[in-house]
Amino acid sequence: MPTKTPTTKTKEIIKTEPAVKPKKPAAKKVKKAAKKILFVSSEAAPLITTGGLGEVIGALPKNLCKSDKDTDVRVVIPLYEEIAVKFKDILEFVGKIYVDLSWRHQYCGIYTAKAGDVIYYFIDNEYYFKRSGCYGYFDDGERFAFFGKAVLDILEAIDFIPDIIHAHDWQSAIIPVYLRTTYSNKKEFKNIRTVFTVHNIEYQGKFNMSILEDIFDISYEYRSIVEFDGLINLMKGAMVCSDIISTVSPAYAKEIHDYKYAHGLDPVINMYTDKIRGILNGIDTESYNPKTDSKIFANYDSENIDKKAENKLQLQTVLDLPKNNQIPVIAMVTRLVRHKGIDLVIGAMNEIVKLPLQLVVLGNGDREYELQFELFRERFPDKIRVHLGFNPELARRIYAGSDIFLMPSQFEPCGLSQMIAARYGAVPAVRETGGLKDSIVPYDAEKSEGTGFVFTDYSCEGITEVINRAFAAYNDRENWPGLVKRAMEWDFSWEASAKEYIKMYNDLLGI
């Protein structure tokens, strides 16, 4: 990016909130804050996101500020090409430094912008980040090693030494490791505490041990910290070095102690079990609001659920399905990969289509599964529609136009789709795992309780049984509206979760 005159000004970057102009004594207020938290992530909505991680980083910091006015929350992410192009007019240049990564001496530009009460910083290096997307490059290890060192090296330049660095997933996992190794003698950092959040334990940041010193700039004497199964494992290193390990739901925090969910890291998790916390994610209830959502066909809320029917008929029209408001539309907005339970859906399809229903699928993933769904669409043209790829506007219309939302995941650290679906009155039908277990209350018609349908057994029989239950409940015209209303009114906001994070930070700092 072009060099600009250094400045510390910030500008509004997210338009969902009114601009907050800093008053003259703002700097004094920051210094008086009871605690300073720095979020470090590889993505953040709405700047750039590939899934749940970005959604969390886009929502949690601003909700922490709302929950505790004495908390100064800032976020740092890479300045990817997409961000540099899309937001070039509102990014402010702070300055530049040089980051030493082993024998490399790399330029690091620092940019900033403001979203409400949250200040964002962006690490600029075109060699590493002027690329399409976030990940999937042969040198991702080096890219995020540079990012980790750059985050620590800019702290003095931006005059912000945090009380807590909260790192997220493997791309930021090296920061707790650096604080305990390469930067262990830096007195300015000695009081920094660290939280490491596991959003998905399947992706651990594994690399060949031979590049420990040359790429990651970590002395061989510290090899045992990051070594696991003969490889560098950055997530393992973060678990060893961080003060707290958090996950995105309480159930997932328990599940990862089991080898079936831990993807090999269960010995490490069980060794550090006292560090582990589980806090359920929330969703942005202002953005995901059927009463105000401009992307859906007709607005509605829990007090006028009848208007949801218009969304269903319009969705059927757009997808060229028979228009029929009397049969349920079951939807999936998902990646077409095995751990999302796609193998169960395919295996049970011949039973599912026996019911008078329509199935709508939006997503992409393994080509094998994509082809299977395309074949089902051809075999059952009046019942199945599949849209390969991801379309955010269509996703919202599917949430608004469907009656039942299917999430039969093999494992699910948290999951946001079931919460969004419930918010739009598409009653979730989920497998009892991770965040799905924590967020959906099983339906009980006799007690008029619950917000969705839950099954336990990961099998074709299990998914068939839960769909049959959901189908029967849909046809119970007396109780179905109450179930939809409860699902829509359930509190999936970040407010409760933010309070739990504040408590965790306070406990860590002893305040």
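The values are calculated or read from the model by the stated rules, or taken from the named source; none is laboratory data. Everything numeric in this text was worked out from a predicted model, so none of it was measured. All Cβ positions, even for glycine, are placed from backbone atoms using ideal geometry, and neighbour counts span all protein chains on display. Ligands, DNA and RNA are stripped out before the accessible areas are found, and what is left, the full protein with its side chains, is counted by its heavy atoms. Shrake-Rupley method; radii C 1.70, N 1.55, O 1.52, S 1.80 Å.
Along Cα→Cβ, 7 Å out, is where each label goes; now give me the distance between the ones at residue 337 and residue 103 in nm to one decimal.
3.6
How far is it, in nm, from the label point at residue 295 to the one at residue 259 when both lie 7 Å from their Cα along the line to the Cβ?
Those two pseudo-labels are separated by 4.2 nm.
Which length gain, in nm to one decimal place, applies between residue 96 and residue 70 when the Cα-Cα distance is subtracted from 0.36 nm times their residue separation?
Between residue 96 and residue 70, full extension yields 6.4 nm more.
Keeping every protein chain present and rolling a 1.4 Å probe, give me the accessible area per residue for the chain in Å².
Accessible area per residue: 42 Å².
Calculated from DSSP H runs of 4 or more alone, at -39500 (n - 2.57) each and per residue, what is the 222 nm mean residue ellipticity of the chain, nearest 500?
-10000 deg cm²/dmol
Relative contact order of region 154-197: what whole-number percent is it, with Cα pairs under 8 angstrom and at least 6 residues apart?
That works out to 54 percent.
Rounded to the nearest 0.05, what FRET efficiency do residue 323 and residue 456 give with R0 = 35 Å and r taken as the Cβ-Cβ distance? Could you check?
That gives a FRET efficiency of 0.45.
Return the FRET efficiency for the residue pair residue 309, residue 380: r is the Cβ-Cβ distance, R0 is 25 Å, and the value is rounded to the nearest 0.05.
0.60
Match the structure shown to one of the listed values (1) 67, 53, 43; (2) 85, 69, 50; (3) 68, 51, 48 of Cα extents along the principal axes in Å, computed from it, and give that label.
(1)
So what does residue 340 come to for accessible area, using a 1.4 Å probe and Å² rounded to 10?
30
Once the dipole of the chain is set up with Lys and Arg at +1 and Asp and Glu at -1 on Cβ about the Cα centre, which of 475, 160, 327 lies farthest towards its positive end?
Sorting the options by dipole projection puts first 160.
Put 166, 339 in order of accessible area, largest first, 1.4 Å probe: what do you get?
Descending accessible area places them as 339, 166.
In the full protein assembly as shown, how much of residue 170 is accessible to a 1.4 Å probe, in Å² to the nearest 10?
About 30 Å², rounded to the nearest 10.
Heavy atoms only, 1.4 Å probe, whole protein assembly: order 412, 202, 500, 478 by accessible area, highest first.
478, 500, 202, 412
Run the dipole for the chain about the Cα centre, Lys and Arg Cβ at +1, Asp and Glu Cβ at -1, nothing else charged, and hand back the magnitude in debye, nearest 20.
The dipole magnitude comes to about 1720 debye.
For region 133-263, what is the number of Lys pairs with C-alpha distance below 23 angstrom, counting only pairs 8 or more positions apart or on separate chains?
Lysine pairs, 8 or more places apart or on different chains, close enough: 10.
For the residue pair residue 208 and residue 127, what label-to-label distance in nm results when each label sits 7 Å from Cα along the Cα-to-beta-carbon direction?
Label at residue 208, label at residue 127, 2.0 nm between them.
Taking the Cα centre of each part, how many Å lie between region 310-358 and region 182-223?
45
Can you find, among 497, 418, 238, the residue farthest towards the positive end of the dipole of the chain? Put +1 on the C-beta of Lys and Arg, -1 on that of Asp and Glu.
The Cα lying farthest towards the positive end belongs to 497.
Leaving out ligands, DNA and RNA, and with a 1.4 Å probe, what % of the accessible surface on region 145-287 is carbon or sulfur?
Answer for region 145-287 is 45 percent, counting heavy atoms of protein chains only.
Taking the Cβ of residue 427 as the center, what net charge do the other residues with Cβ under 14 Å away carry, scoring Lys and Arg +1 and Asp and Glu -1?
Computed value for this residue: +1.
Tell me which of 97, 309, 299 sits at the most positive position along the dipole axis of the chain, charges placed on C-beta atoms (Lys, Arg +1; Asp, Glu -1).
Value computed over the given set: 97.
Can you give the extra length, in nm with one decimal, that the chain gains between residue 160 and residue 390 once fully stretched, where that is 0.36 nm per residue apart less the Cα-Cα distance?
Stretched out fully, the residue 160 to residue 390 stretch lengthens by 79.0 nm.
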